[in-house]
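Trainee: Here it is: the structure, laid out below.
The values are calculated or read from the model by the stated rules, or taken from the named source; none is laboratory data. The structure displayed is predicted, hence computed values, not measured ones. All Cβ positions, even for glycine, are placed from backbone atoms using ideal geometry, and neighbour counts span all protein chains on display. Areas reflect the complete protein model, heavy atoms only, side chains present, ligands, DNA and RNA absent. Shrake-Rupley method; radii C 1.70, N 1.55, O 1.52, S 1.80 Å.
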Amino acid sequence: MCGGAGKPEAKDIYRPEPATLARSEGLTAHERWFEVKLDSGRPLGHMPGQFVEISVPGIGEAPISVSSAPGRNGAFELVVRNVGNVTRALHGLPAGARIGVRGPFGTSFPVDGAMRGRDVLFICGGIGLVPVRSAIQYVLDHRPDYGAVTILFGTRSPSDRLFTDETAKWAGTRGVTYMETVDRGDAGWTGKVGVITTLMPDLKIDPARTVAVVCGPPIMYKFVIIELHKMKVADENIFVSLERNMKCGVGKCGHCQINGLYVCRKGPVFRYADVNDVREAV
Amino acid sequence: MIRKQVTRQALDAWVDGLIAAGRVVGAQKKGGRYAFDDLRRAADLCLDYDVTILPPKKYFLPPKEDILRFSDGRYESVSDAAPFTLLGVHPYDMAAIAQMDKLFAQDNRDEHYLARREQATVVVCDIERMSPNIFAASVGTATAADGCDALITRVGRAYVIESHTAKGERLLAGLAGAPDADAVTLARREQLWEDNARLMSRRELRVEPRRLPRLLEDAYDHPVWEEKASQCFACGSCNLVCPTCYCFDVQDDVEWDPSRGVRRRVWDGCMLTDFATVAGKHNFRKNRADRYRHRYYRKGKYVPEKIGDFSCVGCGRCVSACVARIADPVEVYNRIAEVQ
Ligand SMILES: Cc1cc2nc3c(=O)[nH]c(=O)nc-3n(C[C@H](O)[C@H](O)[C@H](O)COP(=O)(O)OP(=O)(O)OC[C@H]3O[C@@H](n4cnc5c(N)ncnc54)[C@H](O)[C@@H]3O)c2cc1C
Ligand code: SF4
Ligand code: SF4
Ligand code: FES
């Protein structure tokens, strides 16, 4: 630090490391995809479900999930919905722009733990697909380690769907069941209409072999979990990724608390059995 | 340990010496109330104040603090931490500082807080006058001064000044010529501690703080939250004046050249309406009662579960600061204990 304190900078938990927006592409009217490279060249070293704090100098910092699986040579992917200051600024940055990165932070989906050797059911609402995509890619990259894979994706409208090329590929992959639905269709829409839970009663899963991963808007969790309970999936086998307001990402600022739990450290991924009695959780 | 006994005159001479040698901050009179501020002369130092408007946490976690500077997309850490002496901290405020020390060092070390803390020499003074809403004796913070570098206690017309750390010993070097405290005075000091530990409370917390985490577990739906919170203005004053509230927001500020600027942290408060709001205007603590309860759970359960200390040190500042007259930990926790 400058200013006389004389401590090594590397220890400052708030200091972002320099990174570059390598590429970006609009996915929908509100969401944009980014590929980010750390200037140091080091791989981010994340696991699926973890997040990074992204800094736009002069604007601020926002927690964003890593959307790609680990191990893709130094670069990692993000998808950002334009909702406010930092996210709007990110949308406006050209390729090559300098940003700051801290992280990875938080817990991850148990791709090497509880999910291994099991059937996996992914349930994503809207940009809930963004962090879960990292886990889906990971599972498909290590296909023999998992049983049947089921992916449910629900969005408000057809134009809100993300990664349509990739989801189409998933749909065509053997051993993968992919289903999608929209709250409201449009003129060209021939697919399913209805909230995501309408996809669930038709599922043929073996609850004893299945691990469910749930991520979506706050309102979604309650209803999805009711359906999972009807399907006899135990709380131990349900993993949720929960969003909260986050300012520091490192357990200090207090913004992310769910009762006594710090989501930035004990989450964002929780085993549902660990939070089902935490009143502010879902 | 150095243990001197001095007159007020000698104490002032020593303090003036400290001021000549470096930055000294002390409790002072400010328009009928008291506040910590830079000390220009020993005569301004108040050791018989009842309570300061703000706790001394502002010297370790300033209301606004530059933590990073950036230019051309590179961030560097900044800190203006520099040596200073903090004079006349009450034991309950010292207890709060000791808690913050744990919280900022735990898990991820916060170098900004810790740098300021390392640069400080903290001198506690025993309480001479009770503030209108103090209940420190009820929570065990009326005398214990763990973590301080030196301790001043007024015993009659004399002051006992005692060092607790190497930093404190260095501070007391200027008192080398003063006599060591005598046995009678030390015995009277002992008695004074006993009295303070018993009497420094206007009201009694009728529940042992270490029982609160368990009691609160069953009090989530207690009517007290809704009852009190229905009158809350969400002004955040109770957060602002609290020595153990340390939540913060982070903001960027640019210079005339927008590629250069600073990142700052600023005090925030869980009682403010949008503390837990995220995109889409979804507020995870939308109801005042949710926010109100959160504050008392934090003091009584969440922080204790993190560091083992009851996180209300009984200064009573929130009680005085709340215009709605609802921010009283004693009343709230006694209510919770009642029904059990
Ligand atoms: C672990 C985690 C992972 C995340 N992953 C992603 C991701 O992959 N992609 C993604 O797009 N987002 C993600 N988010 C959400 C993202 O962090 C937020 O959308 C982002 O922080 C918004 O920052 P901003 O500066 O753009 O918005 P801000 O300018 O801070 O405002 C954002 C919105 O918050 C609300 N808000 C904030 N303050 C107030 C206030 N004072 N009054 C009223 N409303 C207010 C408003 O609705 C406002 O539009 C994630 C969040 C978390 C916690
Ligand atoms: S809650 Fe109130 S009485 Fe307790 S430490 Fe904070 S300001 Fe003081
Ligand atoms: S000081 Fe009183 S009115 Fe203001 S936020 Fe606190 S409890 Fe509510
Ligand atoms: S985001 Fe600051 S404590 Fe979790």
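Trainee: Take every residue in peptide A:52-59, count the Cβ atoms of other chains within 10 Å of its Cβ, and give the average of those counts.
Mentor: 5
Trainee: Here's another thing I want to ask about it. From the Cα gyration tensor of segment B:130-173, with a ≥ b ≥ c the square roots of its eigenvalues, which class applies: rounded if a/c is under 1.5, or else prolate if a/b is larger than b/c, or else oblate?
Mentor: It comes out oblate by the Cα gyration axes.
Trainee: Now for a different question. Could you report segment A:17-105's accessible area per residue, 1.4 Å probe, as an integer in Å²?
Mentor: I get 37 Å² per residue for this part.
Trainee: Using only helices, what value at 222 nm comes out for chain A when you add -39,500 (n - 2.57) per DSSP H run of length 4 or more and divide by the total residues, to the nearest 500 deg cm²/dmol?
Mentor: Roughly -4500 deg cm²/dmol at 222 nm, from the helical runs in chain A.
Trainee: Summarise the accessible area of chain B (1.4 Å probe, protein heavy atoms) by the percent that is carbon and sulfur.
Mentor: 49 percent
Trainee: How would you rank B:311-321, B:223-233, B:103-113, highest first, on the average number of other Cβ atoms within 10 Å across their residues?
Mentor: Packing order, densest peptide first, comes out as B:311-321, B:103-113, B:223-233.
Trainee: Karplus couplings for segment A:46-57 from phi (6.51 cos²θ - 1.76 cosθ + 1.60, θ = phi - 60°), rounded to Hz, Gly and Pro as x?
Mentor: Calculated HN-Hα couplings, in order: 8, 10, x, x, 6, 10, 10, 9, 9, 9, 10, x Hz.
Trainee: Still on this model: How much length, in nm to one decimal, is gained on full extension between B:Ala324 and B:Glu204, taken as 0.36 nm per residue of separation minus their Cα-Cα distance?
Mentor: That pair, B:Ala324 and B:Glu204, stretches by 41.1 nm at full extension.
Trainee: Give me the accessible area per residue for segment A:169-282, probe 1.4 Å, as a whole number in Å².
Mentor: Here the residues of segment A:169-282 average 45 Å² of exposed surface.
Trainee: What share of all Cα pairs of chain A, in percent, falls into each consecutive 5 Å distance bin?
Mentor: 1, 5, 12, 16, 19, 17, 13, 9, 4, 2, 1, 1, 0, 0
Trainee: Assuming 1.002 mPa s and 20 °C, estimate D for the protein assembly as shown with Stokes-Einstein, Rh taken as the Kirkwood radius over Cα pairs, in µm²/s.
Mentor: So the translational diffusion coefficient is about 80 µm²/s.
Trainee: Averaged over all directions, how much area does the convex hull of the C-alpha atoms of chain B cover when projected, in nm²?
Mentor: Here the figure is 19.6 nm², rounded to one decimal.
Trainee: How big is segment A:119-275 by the Kirkwood estimate over distinct Cα pairs, in Å?
Mentor: About 16.3 Å, per the Kirkwood formula over Cα pairs.
Trainee: Chains B and A: how much accessible area gets covered up at their contact, both sides added, probe 1.4 Å, in Å² to the nearest hundred?
Mentor: It comes to approximately 4000 Å² buried between B and A.
Trainee: Let me have the 222 nm mean residue ellipticity of chain B computed from DSSP H runs of 4+ only, each contributing -39500 (n - 2.57), with the sum over all residues rounded to the nearest 500.
Mentor: -9000 deg cm²/dmol
Trainee: Need one word for segment B:9-82: rounded, prolate or oblate. Basis is the Cα gyration tensor (sqrt eigenvalues a ≥ b ≥ c); a/c below 1.5 gives rounded, then a/b vs b/c decides.
Mentor: It is oblate, given that a/c is not under 1.5 and a/b is not larger than b/c.
Trainee: So, how do all the Cα-to-Cα distances of segment A:17-105 break down into 5 Å bins, in percent, from 0 on up?
Mentor: Result, from short to long distances: 3, 16, 29, 29, 17, 6, 0 percent.
Trainee: Same structure, new question: Name the residue, out of B:Ala187, B:Ala98, B:Ala35, whose mean-square fluctuation peaks in a Gaussian network model built on chain B with Cα pairs under 10 Å.
Mentor: It is B:Ala187.
Trainee: Need one number: nm distance between label points at B:Asn334 and B:Asp253, each 7 Å from Cα along Cα→Cβ, rounded to one decimal.
Mentor: Between B:Asn334 and B:Asp253, the simple spin-label model gives 4.3 nm.
Trainee: Roughly how many nanometres apart are two label points built 7 Å out from the Cα toward the Cβ at A:His229 and B:Ala234?
Mentor: Calculated label separation equals 3.0 nm.
Trainee: What shape does segment A:114-165 have by the C-alpha gyration tensor, where a ≥ b ≥ c are the square roots of the eigenvalues, rounded means a/c under 1.5, and otherwise prolate means a/b greater than b/c and oblate the rest?
Mentor: Since a/c reaches 1.5 and a/b is larger than b/c, the shape of segment A:114-165 is classed as prolate.
Trainee: Pop out a list of residues from segment B:70-98 that are at least 10 Å² less accessible with all the protein chains around than in their chain alone; 1.4 Å probe, no ligands or nucleic acids counted.
Mentor: For segment B:70-98, once contacts with the other chains are taken into account, B:Phe70, B:Asp72, B:Gly73, B:Arg74, B:Tyr75, B:Glu76, B:Ser77, B:Val78, B:Ser79, B:Ala81 lose 10 Å² or more.
Trainee: When all C-alpha to C-alpha distances in segment B:6-161 are sorted into bins of 10 Å, what percent of pairs does each bin hold, rounded to whole numbers?
Mentor: It works out to 10, 37, 34, 14, 4, 1, 0, in whole percents.
Trainee: Turning to a different aspect of this structure: Let me check against my output: what whole-number percent is the relative contact order of chain B, with C-alpha pairs under 8 Å and at least 6 apart?
Mentor: So the answer I get is 22 percent.
Trainee: Taking the alpha-carbon centroid of each part, what is the distance from segment B:228-264 to segment A:13-78 in angstrom?
Mentor: Measuring centre to centre over Cα atoms gives 27 Å.
Trainee: Per residue, how much accessible area does segment B:59-175 show when a 1.4 Å probe rolls over the protein heavy atoms, in square angstrom?
Mentor: Roughly 32 Å² per residue, with all protein chains present.
Trainee: What are the lysines whose alpha-carbon lies under 18 Å from the alpha-carbon of B:Lys286, with same-chain residues fewer than 8 places away excluded?
Mentor: Reachable lysines: A:Lys222, B:Lys228.
Trainee: Any chance you could check the Cα centroid distance between segment B:1-24 and segment B:267-340 for me, in angstrom?
Mentor: After rounding, the separation between the Cα centres reads 40 Å.
Trainee: Please report the spacing between the Cα centers of segment A:246-261 and segment B:160-225 in Å, no decimals.
Mentor: 31 Å
Trainee: If you don't mind, another one. Tell me the relative contact order for chain A as a rounded percent, counting alpha carbon contacts under 8 Å between residues six or more apart.
Mentor: Normalised by residue count, the contact order of chain A is 17 percent.
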